[in-house]
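Please read the structure below before turning to the comments.
The values are calculated or read from the model by the stated rules, or taken from the named source; none is laboratory data. A quick note: this is a predicted structure, and the numbers were derived from the prediction, not measured. Methodologically, a virtual Cβ is constructed for each residue, glycine included, from the backbone with ideal geometry; neighbour enumeration extends over all protein chains shown. Quick note on the areas: whole protein, heavy atoms, side chains included, nothing else; ligands and nucleic acids left out. Shrake-Rupley method; radii C 1.70, N 1.55, O 1.52, S 1.80 Å.
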Amino acid sequence: MQWPAASGEKSQVVCPLDVPLVCVVGPTASGKTALAQRIAERLNGCVLSADSMQIYRGMDIGTGKIAPADRTVPYYGLDVAAPGSAYSASLFQEYGRGVVLRAYEQGCRPIVCGGTGFYVRALVDSYDFPAGEQVGNPVRDAYNARIAECGCDAVWAELNQRDPASAALINAHDAKRVVRAFELLSEGTSYAEQHAKLHAIGVHFPVTMIGLQVDPEILRHRIDARVDQMVEDGLVDEVRSLLSEGLRDALTAHQAIGYKEIVQALDGAISLDEAISQIKFATHRYAKRQRTWFRKDKRITWICADRDNGEELLCRSLKIVDTDEKRYGKGCA
RNA sequence: GGUCGGGUAGCUCAGUUGGUAGAGCAGGGGACUGAAAAUCCCCGUGCCGAGGGUUCAAGUCCCCCUCCGACCA
């Protein structure tokens, strides 16, 4: 996997900014939001959340969305979509890039707060998503139905007939990607073709990436405490009210950790205690995947957030931002 | 005190007629171009409670001890 060069290399920059775009990344419960907000306060900026679930209106407690009363700077990327709608990385790319450019125009510095690695990359790197039906894609529906009927392996075998290059890149059990491969074929491209571009991806915005690193054991305890707090704060009621708005049929929102489990508890399939412990375990695994995703991005400067020491984290972050700006400034001159 | 269960991987447990152990969960690692909090791939040595005995060979049979649970007193 190739990663774009450091932000200082201007030649690759498609859409140059005056200064690098600051991104705070890291696993869930690492303290991204608090740090991003503090940085935004200092830099006279705003926060752009890059989070596939906080994007949904009404999903507040379970996604760890910062409460309106606690917001000290303008926020973007929250409550952008209805929970029933299907959002995506490409929609976020379009939205997020608009936010970034508008903010710079207005002299407000956006600070990206990213939990969804794919969204951050779609925003910041030169991903080029092919055109096609975004919602209610008939190809997607058709192949999902086929997989439900014949099993994923059989449908993968069919893909292997039509497009062996793509099939070779996709595991025969990976239903999401098998379906996506057929979608891409219907759009005149292929999974293999798109995948090949990964190795040559450039940067769209120059970035300063700050990663919050927390010892896994400490993070696990923090997650558990946070889940208990969410339940105390009324997660069950939130899910109940989302159900009345059609959460059950929501393609994406229904997959959110903390929501799908509570839905099961409300249905009586599992007890509330079981749901709570499942939410904790699912969140641990999610944090592990986030760690894996961000770990390979060499642009990230990691800072230790084992302890909740906001001032220290802010100082270190501002230093990183400052250093990067100087380097970038030099590159431009 | 007596009877019966049971003590095997961090947890819940499998382990066939004796051939030195294996699942699920948890955990770890990895992949990822329009669902990404999704989806998928890889990773299991543990005094088989302690001690003794039978046997070429014991998690598995016998004895004894110990701990937990249930029942009877």
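Roughly speaking, what is the stretch gain from A:ALA131 to A:GLN161, that is 0.36 nm per residue apart minus the C-alpha to C-alpha distance, in nm to one decimal?
Working: separation 30, 0.36 × 30 = 10.80 nm, distance 2.44 nm.
Taking 0.36 nm per residue and subtracting the Cα distance, the gain is 8.4 nm.
Which of A:PRO206, A:HIS221, A:LEU235 sits closest to the plus end of the dipole of region A:159-274, meaning its Cα is farthest towards the positive end, when Lys and Arg get +1 and Asp and Glu get -1 on the C-beta?
A:PRO206
How high is the FRET efficiency from A:ALA145 to A:GLN229, r the C-beta distance, R0 30 Å, rounded to 0.05?
Details: r = 40 Å, r/R0 = 1.34.
With R0 = 30 Å, the Cβ-Cβ based efficiency is 0.15.
Relative to the Cα centre, what is the charge dipole magnitude of region A:166-246, using +1 at the beta carbon of each Lys and Arg, -1 at the beta carbon of each Asp and Glu, and rounding to the nearest 20 debye? Working shown, then result.
Values: 8 positive and 13 negative charges, 94 e Å.
In total the dipole reaches around 440 debye.
In nanometres, what is the gap between the two model label sites at A:ASP306 and A:ALA154, each 7 Å from Cα along Cα-to-Cβ?
The modelled label-to-label distance comes out at 5.3 nm.
With +1 on each Lys and Arg Cβ and -1 on each Asp and Glu Cβ, and nothing else charged, work out how big the dipole of region A:52-200 is about its Cα centre, in Debye to the nearest 20.
Values: 14 positive and 17 negative charges, 91 e Å.
Here the size comes out at about 440 debye.
With the Cα gyration tensor of region A:84-205 in hand, convert its eigenvalues to equivalent ellipsoid semi-axes via √(5λ) and list them largest first in whole Å.
Working: eigenvalues 207, 50, 27 Å².
Each semi-axis is the square root of five times an eigenvalue, giving 32, 16, 12 Å.
Using a cut-off of under 14 Å, list every residue of region A:116-134 whose amide N is near the label point 7 Å from the Cα of A:GLN255 along the Cα-to-beta-carbon line.
A:116-119
In chain A, what % of DSSP beta bridges are antiparallel (nearest 5)?
Taking every DSSP beta bridge within chain A, about 5 percent pair in antiparallel fashion.
With charges only on Cβ, +1 for K and R and -1 for D and E, what is the dipole size of chain A about its Cα centre, in debye, rounded to 20?
Numbers: 39 positive and 43 negative charges, 236 e Å.
With Lys and Arg at +1 and Asp and Glu at -1, about 1140 debye.
Using the Kirkwood radius over C-alpha pairs as Rh, can you work out the diffusion coefficient of region A:149-304 via Stokes-Einstein at 20 °C, viscosity 1.002 mPa s, in µm² per second?
Numbers: Rh = 19.1 Å.
Calculated translational D: 112 µm²/s.
Could you give each residue of region A:196-212 its phi-based ³J(HN,Hα) in whole Hz, using Karplus coefficients 6.51, -1.76, 1.60 with θ = phi - 60°, and x for Gly or Pro?
With the stated coefficients, region A:196-212 comes to 4, 5, 3, 6, 10, 6, x, 9, 9, 10, x, 10, 10, 9, 10, x, 8 Hz.
Give me D for region A:234-333 in µm² s⁻¹, whole number, from Stokes-Einstein with Rh from the Kirkwood sum over alpha-carbon pairs, 4 °C and 1.567 mPa s.
Numbers: Rh = 17.2 Å.
Roughly 75 µm²/s, to the nearest whole number.
Say R0 is 45 Å: what FRET efficiency, to the nearest 0.05, do A:THR72 and A:PHE281 get from their beta-carbon distance? Show your work: numbers first, answer last.
Working: r = 34 Å, r/R0 = 0.75.
Between A:THR72 and A:PHE281 the formula returns 0.85.
Would you report the distance distribution of C-alpha pairs in chain A as whole percents per 20 angstrom bin, up to the bin with the largest distance?
28, 58, 14, 0
Take every Cα pair under 8 Å in chain A that's 6+ residues apart, average their separations, divide by the length, and report that relative contact order as a whole percent.
Working: 492 pairs, mean separation 101.5, N = 333.
About 30 percent, as a whole number.
Taking 30 Å as the cut-off for C-alpha to C-alpha distance, list the pairs among A:LYS296/A:LYS326; A:LYS32/A:LYS296; A:LYS65/A:LYS296; A:LYS197/A:LYS260; A:LYS32/A:LYS298; A:LYS260/A:LYS288 that go past it. Don't jump to the answer; show the numbers that get you there.
On the way: A:LYS296/A:LYS326 25 Å; A:LYS32/A:LYS296 19 Å; A:LYS65/A:LYS296 26 Å; A:LYS197/A:LYS260 35 Å; A:LYS32/A:LYS298 19 Å; A:LYS260/A:LYS288 20 Å.
Beyond 30 Å between Cα atoms: A:LYS197/A:LYS260.
Extending each Cα 7 Å along its Cβ direction at A:GLU41 and A:LEU198, get the distance between those two points in nm, one decimal.
With each label placed 7 Å out from Cα toward Cβ, I get 4.0 nm.
Calculate what fraction, in whole %, of the accessible area of region A:264-305 sits on carbon and sulfur atoms when a 1.4 Å probe is rolled over the protein chains. Mind showing how you got there, number by number?
Details: 1350 of 2460 Å².
Looking at region A:264-305 in its full context, I get 55 percent from C and S.
What's the ranking of A:237-247, A:33-43 by average number of surrounding C-beta atoms within 10 Å, highest first?
Numbers: A:237-247: 16.6, A:33-43: 21.2.
Packing proxy ranking, top to bottom: A:33-43, A:237-247.
Taking R0 as 45 Å, what FRET efficiency do you get between A:ARG248 and A:CYS315 from their Cβ-Cβ distance, rounded to the nearest 0.05?
Values: r = 46 Å, r/R0 = 1.03.
It comes out at approximately 0.45.
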